[in-house]
Amino acid sequence: MADCELCTDAGGELIWQDGFCRVVRVEDFNYPGFCRVILNSHIKEMTDLGTRERERLMSVVFAVEQAVRETLQPEKINLASLGNMTPHLHWHVIPRYRQDKTFPNPIWGQSKRETIAAALDAGTARKLKAAIQRHLG
């Protein structure tokens, strides 16, 4: 769709893709290592997919979660599929740390402290990209 930002833009730094979906890293200084798994087709809801497509998408989400955990060792991972602002099926994979801006609230919640403002250094970003690609073949 012409007015859908996830149809017209990658949605972040492209890490991996196939014909079905893609994985991008979002440059968010408050949440370093934040990734999205984005369906390549403009579909709104998980239940618009068939069973195999749902399983395929979630296998990518779980592979990204595993790679983020191995590489960044966060306190917790948040998985979210909201789509209220962008009704194009995508999943957020968000590493969380006790010192991040909103922990333990959701990242869209009220801030608890000043931001840690810590972008991933180039070496860690490369390790994360390699881990995601390894998990996804």
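Per-structure values
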item	result
Of all residues in the stretch 70-99 being part of a loop (DSSP other than H, G, I, E, B) and of a type in the set (Ser, Thr, Tyr), the one that is nearest to the chain's Cα centre (by Cα)	SER81
Residue match in the stretch 49-68 (condition: closer than 21 Å to ALA119 by Cβ, surrounded by 14 or more Cβ atoms within 10 Å (Cβ to Cβ) and among the β-branched types (Val, Ile, Thr))	yes
Search result, residues across the stretch 40-89 that are among the basic types (Lys, Arg) and within 26 Å of THR8 (Cα to Cα)	LYS44, ARG52, ARG54, ARG56
Residue list for the stretch 48-77, filter: touching a Phe, Trp or Tyr at 6+ places or on another chain (Cβ under 9 Å) and of a type outside the set (A, V, I, L, M, F, W, C)	GLU53, ARG56, PRO74, GLU75, LYS76
Selection from the stretch 42-85 of residues that are small (Gly, Ala, Ser) and touching a residue at least 12 places away in the same chain (Cβ under 8 Å)	ALA63, ALA67, ALA80, SER81, GLY83
Wholly within the stretch 1-69, strands (runs of 3 or more DSSP E) carrying at least 3 residues that are modelled with pLDDT under 95 and either among the hydrophobic types (A, V, I, L, M, F, W, C) or within 19 Å of LYS129 (Cβ to Cβ) (or both)	none
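The values are calculated or read from the model by the stated rules, or taken from the named source; none is laboratory data. Because the structure is a prediction, the values reported are computed rather than measured. Ideal geometry is used to build each Cβ from the backbone, glycine not excepted, and the neighbour counts take in all protein chains shown.
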